[in-house]
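Chemist: Mind having a look at this structure? Questions to follow.
The values are calculated or read from the model by the stated rules, or taken from the named source; none is laboratory data. Since this is a predicted model, take the numbers as computed values, not measurements. Cβ atoms come from the backbone with ideal geometry, glycine included; neighbour counts cover every protein chain shown. Surface areas here come from the heavy atoms of the whole protein model, side chains and all, with no ligands, DNA or RNA. Shrake-Rupley method; radii C 1.70, N 1.55, O 1.52, S 1.80 Å.
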Amino acid sequence: MMVLGIFGSIASGKSTARRFFEKNGFFGIDADVIVRELYEVGGAGSAGVVELFGKSFLNQQGSVDRKKLLMFLVENPGRLSELHSVIHPLVNVRIGEILRSLPILPVGSAPQCVVIESTYFDSLYLGQFVDFLLEVSAPRDACFERVQARGLSKAAFDFFWSCSPHYEANFSVFNGGSLEEFQQKLSRILADLL
């Protein structure tokens, strides 16, 4: 099995890159989707948020009020590491389960290729699963325009931008042009991987 991790700042094009690899035969995992599942009613993530910050961070249905949690973290950035200490191990366990559940391919067949999209790939987190890292970057102004279209505030954007970690990547791609140009760059990386 070969696992590619994709990281980069907010709205840099990580999801577009993941979908490109999925369309080219990779099994895709989005860590943000897993976090959203953990934040659902009865999820281990929602229990962790309550333990850290209190029940006021749950909505009426009992899942985490992600918007309220985000605004709290924007105003209290020092508390992000506390949240990570609870959520990251849960995501790590879930991704490990997913990887172990993938079918074992017959000897002689092409290796199973997996792509994981996440912001974090340190050695205590998802870094243990990946063989290669791809960093996706884009101009800050372009990233801000993309998040504005999604309704994210400038304060939230600045928060996400400032807390995006950087790792030594095997590949890097700059997403500063058209979608077609971005996909051409990704095609070259795909060829190098396979």
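Chemist: Got a sec? Which of PHE7, PHE26 is in contact with a strand residue (DSSP E or B) (Cβ under 9 Å, 6 or more places away or on another chain) and more than 24 Å from GLY151 (Cα to Cα)?
Modeler: Residue meeting the stated conditions: PHE26.
Chemist: Being open to solvent by less than 60 Å² (accessible area, probe 1.4 Å) and of a type in the set (S, T, N, Q) is the filter here, so list the residues in segment 45-75 that pass it.
Modeler: Passing the criteria: SER46, ASN59, SER63.
Chemist: Taking into account only those residues within segment 29-44 that are open to solvent by 80 Å² or more (accessible area, probe 1.4 Å) and over 21 Å from ALA11 (Cβ atoms), which is farthest from the chain's Cα centre (by Cα)?
Modeler: VAL41
Chemist: Determine whether segment 48-58 contains at least one residue that is outside any helix (DSSP H, G or I), within 24 Å of LEU126 (Cα to Cα) and touching a Ser or Thr at 6+ places or on another chain (Cβ under 9 Å).
Modeler: For segment 48-58, residues outside any helix (DSSP H, G or I), within 24 Å of LEU126 (Cα to Cα) and touching a Ser or Thr at 6+ places or on another chain (Cβ under 9 Å): absent.
Chemist: Of all residues in segment 9-28, count the ones that are in a helix (DSSP H, G or I) and within 17 Å of TYR120 (Cα to Cα).
Modeler: Total meeting the criteria: 4.
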